[in-house]
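Engineer: One structure is given below, represented as structure tokens, and several questions about it will come after.
No value in this document is a laboratory result; all are computed from the given coordinates. Bear in mind that the values here come from a model prediction, so they are computed numbers and not experimental data. When we count neighbours, we look across all protein chains shown, and the Cβ atoms used for this are built from the backbone with ideal geometry, even at glycine.
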Amino acid sequence: MLFNSVSYLVFLPFVTIILFLVPGKFQWLWILASSTVFYYMLLPQYLVVFFALIPLNYYLGLRIGNAGMNKQKVFNIALVINLVVLALFKYSGILDSLFDSILSHPRSDTFWRIILPIGLSYFIFTILSYLIELKRGTIPPEKHIGIFAAYLMFFPKILQGPIERPGKIIQQFRGDKHFDYDRIVEGLKIMLWGYFKKLVVADRLAIYVNAVYGNADQHNGSTLSVATFFYAFQIYADFSGYTDIAIGSAKIMGFELTNNFKRPYFSTSIKEFWNRWHISFSSWLRDYLFLPLAYYFSGKMKDEKYLGIETEKWIFLFSSLITFAICGIWHGEGMNFLVWGLLFGFYLSYSNWTAGISKNLRKIFHISKKSAYYTAYKIILTFLLVCIAFVFFRANDLDDAFIILRKIVLSRGEIFIGEWQQFIFGICGIIILIAAEAIQEFSKVTLPYKSRFWLKEQFVYLSLLFLIIFIGVFDGGQFIYFKF
Amino acid sequence: MIKKIIINIAIVGVVVFVLDFAIGRTLRYFYFKESSGQGYRSTFAMEKTEAAILVFGSSPAAHHYIPEIFEHSLKMNFYNTGKDGEGTFYQLAVLRSVLKRYKPKIIIFDWSGTFLKDKFSYDGLSSLLPYYRTHPEIRDIVEFKSKFEKVKLLSEIYPFNSELLTIILGNLNLNKKRMPDDKGYVALYKEWQAKIHSALPYNKYPADPIKVKCFREFIIRAKESGAKIFVVYSPIFRIYTVNQEFEICNNICAMEKVPVWNFTSDTTFLKNNHLFQDIAHLNYKGAVIFSKLILEKMKRVDQVKTSRL
């Protein structure tokens, strides 16, 4: 079941009403049952994978929690099992090609071709964060297998996150969820904003972006620049829209999920961008990959400097490049994803290495770090760097990405508009999105929007609702991040 | 507390209903008042035309058949119902609406669609949404769009989703200046510069049974109406080898004994890029030649029939 389907608009109220009627100690059972139905309606054949991993990790979790001296060994086994399962599904394309080359001809049957079950990545990342926290001793093992299963399968987050840390959410499955009018209204408002982002902005821009990127060889650099600019907003609106719907749905039922986005296009540096973009994933990478790597390198590199450069900078470089290379590979098996990841690793390292030079230059030219012009310059620069990286993310492969970048730099011409209405509605969507985010960024307004004036607040939400009905795309497809 | 909740829900419900009704009805009024543009042409085709010769199809139909050439020679009035980006679903819906009102004498079905089960074709049904309420004969076609279409259509605004700018332009008559049409025909004037390429080899695919059924229904309905029906594959600036679309189409037409004229490999066009605006569309010069060729073929069929009699 997709969030942007009519079925979901029937499913969510039904599940919520029954949840409030079920006694508190059995609510986990209802959540687990409804989450199973939610996934069953999307990809029934893959439920078995999820339900095989749940008892296995439940058992391994208990073992880690009680293993004493053997903790590391059990943890390593658990880690390998989960990563192998993920890799098996995630890189099945490579396995398929390998089988085809062994058989020396492509197999015509699709039965044995493995596809990545939607949400498996997020499911396994959630499991890994549970196991890591257990190993670190920050949480006790969950003894109730039903609650453990409900925590992993919880339908608002199963398909595309947020990747919830166990300490924050598992306890929420024990509490008694009851009807709370204000909380439900707040959840609905967050969902409405999410639907606006998905239906009005993301799916509208997708029409233009797909038309251009689908035939990149036939378009000039000007058109490809516009498509890349649109794509930056498409993927943001798509992903953050999904998160808002997930957070709003969970809130209606009485759960608090982590916010995944904090207006990333207002970042003044790439570092800040990653602190605002896909937060649950980037903090996962930081805590479970980057910091352990940095710790490992600092143990190995004992000298103060290497090649005349401080060791800290080398450690930052190696840790960032490895972390983002893995981040890239996680997104897909194509080389373009690896380059996308490495590019961000490079951006971060470059900024880290040249921080001193930037500071000196600002001093020489008397530029205040807090100046509005400087902030605007940094926001635009960061956005452009992100857009360049997105070319690798959106292109079909690495060759395509380089061709597109070359065209963007060298070839100019008339901008392809396509269906002019789509173009205008797309731009309108971007303007509304930027304006709403700018208000939140530079004032004290928070999401969901509240006003002292009841009528004004209702007008804003009614306008959002009617904009969705008016110019939303109801034929749009699934969310971009499902494939990851 | 409960009282407050019920009052709030009631207020929101009433406001949403009233606004949806008022805005939707206003949009409906202005949509059907359009005097130019694609929406206007759809309305005209479904509700007003009484032309003896009708052309059906997607963008090639809309840009390839010049009314004047047919009207002048056959002494019958002509309307081109071709619409950019539309497939068999739209064409069948228009035919059903037309046949409800009158029986045309000649139907030219310019086939350039696909029988592949693709989302795009079903999304294209959006253009029929404004007619759902007033045209019961097309409802089952519109409902192919999704199983929840009936529910969505409870909203008065929904049928006019994303149509606001079109409605404004259609009412301001700006379309007449931007892209004027002559009885549904929209002329193109640019010339295609690139060289001819071969089409990618076709992979066999399972045909969408709904599309095949609709195509067959179109042919049968047109035939049963007593009109002469011709199926045409318009010229295209690309070299084809095998085309599954044509195979399915040919089989159905052969079964129903409907003539099929394939211009995709006609060298008059394949050797002359200057007759095209782009790969799939003839420009005005090309459309003149093509319309005359079709006219000649139609006359020849008539002569053969007369001589047989």
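Engineer: What distance in nm separates the two pseudo spin-label positions at A:Trp420 and A:Ile309, each 7 Å out from Cα along the beta-carbon direction?
Structural biologist: 5.2 nm
Engineer: In what sequence, highest mean first, do B:287-298, A:200-211 appear when ranked by Cβ atoms within 10 angstrom? The partial results should precede the final answer.
Structural biologist: Values: B:287-298: 18.4, A:200-211: 24.0.
Final packing ranking: A:200-211, B:287-298.
Engineer: Can you check what the net charge comes to around B:Gly226, using other residues whose Cβ is under 12 Å from the Cβ of B:Gly226 (Lys, Arg +1; Asp, Glu -1)? Working shown, then result.
Structural biologist: Numbers: positive: B:Lys103, B:Lys105, B:Arg221, B:Lys223, B:Lys228; negative: B:Glu224.
That works out to +4.
Engineer: Taking the Cα atoms of the protein assembly as shown, what is the range of coordinates along each of the three principal axes, in descending order and whole Å?
Structural biologist: Reported extents, whole Å, longest axis first: 101, 71, 63.
Engineer: To continue, here is another question. So which lysines can A:Lys302 reach, going by Cα to Cα under 23 Å and dropping same-chain residues fewer than 8 places off?
Structural biologist: Within reach: A:Lys313.
Engineer: I would also like to ask the following. List the trypsin sites (Lys or Arg not before Pro) within region B:159-239 that DSSP assigns to loop and that have no more than 14 neighbouring Cβ atoms inside 10 Å.
Structural biologist: Numbers: sites: B:Lys176, B:Lys177, B:Arg178, B:Lys183, B:Lys190, B:Lys195, B:Lys204, B:Lys211, B:Lys213, B:Arg216, B:Arg221, B:Lys223, B:Lys228, B:Arg238; in loops: B:Lys183, B:Lys190, B:Lys195, B:Lys204.
Qualifying residues, ordered by number: B:Lys190, B:Lys195, B:Lys204.
Engineer: Taking loop as defined by DSSP and a crowding limit of 11 other beta carbons within 10 Å, which GluC sites (Glu not before Pro) in region A:283-379 fit?
Structural biologist: Sites meeting the loop and neighbour criteria: A:Glu304.
Engineer: So if each residue of separation counts as 0.36 nm, and I subtract the Cα-Cα distance between B:Asn273 and B:Glu296, what length gain in nm does that give? Intermediate results must be reported in sequence, preceding the final value.
Structural biologist: Numbers: separation 23, 0.36 × 23 = 8.28 nm, distance 2.28 nm.
6.0 nm is the gain from fully extending B:Asn273 to B:Glu296.
Engineer: Could you please rank A:Ser349, A:Ser319, B:Ser162, placing first whichever residue has the fewest other Cβ atoms within 10 Å of its Cβ?
Structural biologist: On the way: A:Ser349 20, A:Ser319 24, B:Ser162 17.
Starting with the residue having the fewest Cβ neighbours, the order is B:Ser162, A:Ser349, A:Ser319.
Engineer: Given a cut-off of 19 Å, name the pairs among B:Lys117/B:Lys147; A:Lys189/A:Lys262; A:Lys407/B:Lys195; B:Lys48/B:Lys147; A:Lys135/A:Lys168; B:Lys33/B:Lys176 whose C-alpha atoms lie farther apart than that in the structure shown. Don't jump to the answer; show the numbers that get you there.
Structural biologist: Numbers: B:Lys117/B:Lys147 16 Å; A:Lys189/A:Lys262 17 Å; A:Lys407/B:Lys195 21 Å; B:Lys48/B:Lys147 30 Å; A:Lys135/A:Lys168 17 Å; B:Lys33/B:Lys176 14 Å.
From B:Lys117/B:Lys147; A:Lys189/A:Lys262; A:Lys407/B:Lys195; B:Lys48/B:Lys147; A:Lys135/A:Lys168; B:Lys33/B:Lys176, over 19 Å: A:Lys407/B:Lys195; B:Lys48/B:Lys147.
Engineer: For chain B, which DSSP H helices look membrane-span-like by this rule: Cα extent along the axis of 15 Å or more and mean Kyte-Doolittle of at least 0.0?
Structural biologist: On the way: long enough: B:2-31 (42 Å, 1.47); B:88-101 (20 Å, 0.37); B:209-224 (22 Å, -0.11); B:244-255 (17 Å, 0.25); B:284-308 (36 Å, -0.29).
Once both thresholds are applied, what remains is B:2-31, B:88-101, B:244-255.
Engineer: Among A:Asp182, A:Asp475, which comes first, second and so on when ranked by fewest other beta-carbon atoms within 10 Å?
Structural biologist: Values: A:Asp182 7, A:Asp475 17.
Listed from fewest to most nearby Cβ atoms, that is A:Asp182, A:Asp475.
Engineer: I've got another one for you. Calculated from DSSP H runs of 4 or more alone, at -39500 (n - 2.57) each and per residue, what is the 222 nm mean residue ellipticity of the protein assembly as shown, nearest 500?
Structural biologist: Working: 36 runs with 474 residues, N = 793.
The helix contribution divided over the protein assembly as shown gives -19000 deg cm²/dmol.
Engineer: By a straight-distance test (C-alpha under 13 Å), which aspartates and glutamates pair with B:Lys228 as possible cross-link partners, with residues fewer than eight away in the same chain excluded?
Structural biologist: Hits, sequence-local ones excluded: B:Glu256, B:Asp302.
Engineer: Stokes-Einstein at 25 °C, 0.890 mPa s, Kirkwood radius from Cα pairs: D for region B:2-308 in µm² s⁻¹?
Structural biologist: On the way: Rh = 20.8 Å.
Value of D from the Cα-based Kirkwood radius: 118 µm²/s.
Engineer: Give me the inter-chain shielding for B:155-166: mean count of other chain Cβ atoms within 10 Å, whole number please. Working shown, then result.
Structural biologist: Details: counts 1, 1, 3, 4, 0, 2, 9, 10, 3, 5, 5, 2.
Mean shielding count: 4.
Engineer: Can you give the net charge of the other residues whose Cβ lies under 15 Å from the Cβ of A:Phe3, counting K and R as +1 and D and E as -1?
Structural biologist: Working: positive: A:Lys157, A:Lys197, A:Lys198, A:Lys251; negative: A:Asp203, A:Asp238, A:Asp244.
Combined, the nearby Lys, Arg, Asp and Glu give +1.
Engineer: Let me ask something else. Please give the length that would be gained between A:Ile431 and A:Asp287 if that part of the chain were fully extended, namely 0.36 nm times their separation in residues minus their C-alpha to C-alpha distance (nm, one decimal).
Structural biologist: Working: separation 144, 0.36 × 144 = 51.84 nm, distance 3.51 nm.
Result for the pair: 48.3 nm of gain on full extension.
Engineer: If one computes the Cα centroid of region B:20-94 and of region A:229-274, what distance in Å separates the two points?
Structural biologist: Region B:20-94 and region A:229-274 have Cα centres spaced 44 Å from each other.
Engineer: By the gyration tensor of its Cα atoms, with a ≥ b ≥ c the square roots of the eigenvalues, what is the shape of region A:280-410: rounded for a/c under 1.5, prolate for a/b over b/c, or oblate?
Structural biologist: Oblate shape, in that a/c is at least 1.5 and b/c is the bigger or equal ratio.
Engineer: Among A:43-51, B:113-121, how do they line up by average Cβ neighbours within 10 Å per residue, starting with the highest?
Structural biologist: Details: A:43-51: 14.6, B:113-121: 16.4.
Highest mean packing first, the order is B:113-121, A:43-51.
Engineer: Hey, got the average number of other protein chain Cβ atoms within 10 angstrom for residues in B:9-20? Write out the running numbers ahead of the final one.
Structural biologist: Details: counts 0, 0, 1, 5, 0, 0, 3, 4, 0, 0, 4, 3.
Rounded to a whole number, the mean comes out at 2.
Engineer: Relative contact order for chain A: what is it in percent, counting Cα pairs under 8 Å that are at least 6 residues apart?
Structural biologist: Values: 585 pairs, mean separation 91.7, N = 484.
Relative contact order of chain A: 19 percent.
Engineer: Say R0 is 25 Å: what FRET efficiency, to the nearest 0.05, do A:Asp399 and A:Leu88 get from their beta-carbon distance? Could you put the intermediate results ahead of the total?
Structural biologist: Values: r = 28 Å, r/R0 = 1.10.
The pair A:Asp399/A:Leu88 has a calculated efficiency of 0.35.
Engineer: Pop out the ³J(HN,Hα) list for region B:140-157 in order, Karplus 6.51 cos²θ - 1.76 cosθ + 1.60 with θ = phi - 60°, rounded to Hz; leave Gly and Pro as x.
Structural biologist: Once rounded to whole Hz, the list reads 5, 5, 4, 6, 5, 4, 6, 6, 9, 4, 4, 5, 4, 6, 5, 6, 7, 7.
Engineer: Taking each full run of DSSP H in chain A as one helix, which ones are at least 27 Å long along their axis (Cα atoms) and have mean Kyte-Doolittle hydropathy of at least -0.5? Walk me through the numbers before you get to the answer.
Structural biologist: On the way: long enough: A:47-66 (29 Å, 1.36); A:71-90 (28 Å, 1.40); A:221-253 (48 Å, 0.71); A:311-331 (30 Å, 1.07); A:372-394 (32 Å, 1.68); A:420-442 (33 Å, 1.41).
The qualifying helices are A:47-66, A:71-90, A:221-253, A:311-331, A:372-394, A:420-442.
Engineer: Can you compute the modelled spin-label distance between B:Ile168 and B:Met76, with each label point 7 Å from Cα toward Cβ, in nm?
Structural biologist: 4.2 nm
Engineer: While we're here: So what is the relative contact order of region A:203-339, in percent, for Cα pairs below 8 Å that sit 6 or more residues apart? The partial results should precede the final answer.
Structural biologist: On the way: 90 pairs, mean separation 16.4, N = 137.
The normalised contact order for region A:203-339 reaches 12 percent.
Engineer: For A:Glu441 and A:Ser463 in one chain, what is 0.36 nm times their gap in residues minus the Cα-Cα distance, to one decimal in nm? Let's see the in-between values first.
Structural biologist: Numbers: separation 22, 0.36 × 22 = 7.92 nm, distance 2.13 nm.
Answer, rounded to one decimal: 5.8 nm.
Engineer: Cβ under 12 Å from B:Tyr132's Cβ, B:Tyr132 left aside: what net charge do those residues give with Lys, Arg +1 and Asp, Glu -1? It would help to have the intermediate numbers written out before the result.
Structural biologist: Values: positive: B:Arg28, B:Arg133, B:Arg139, B:Lys145, B:Lys150, B:Lys152; negative: B:Glu137, B:Asp140, B:Glu143, B:Glu149, B:Glu156.
So the surrounding residues net to +1.
Engineer: Fewest first, what order do A:Leu62, A:Leu88, A:Leu53, A:Leu361 take by the number of other Cβ atoms within 10 Å?
Structural biologist: Result, fewest neighbours first: A:Leu361, A:Leu88, A:Leu62, A:Leu53.
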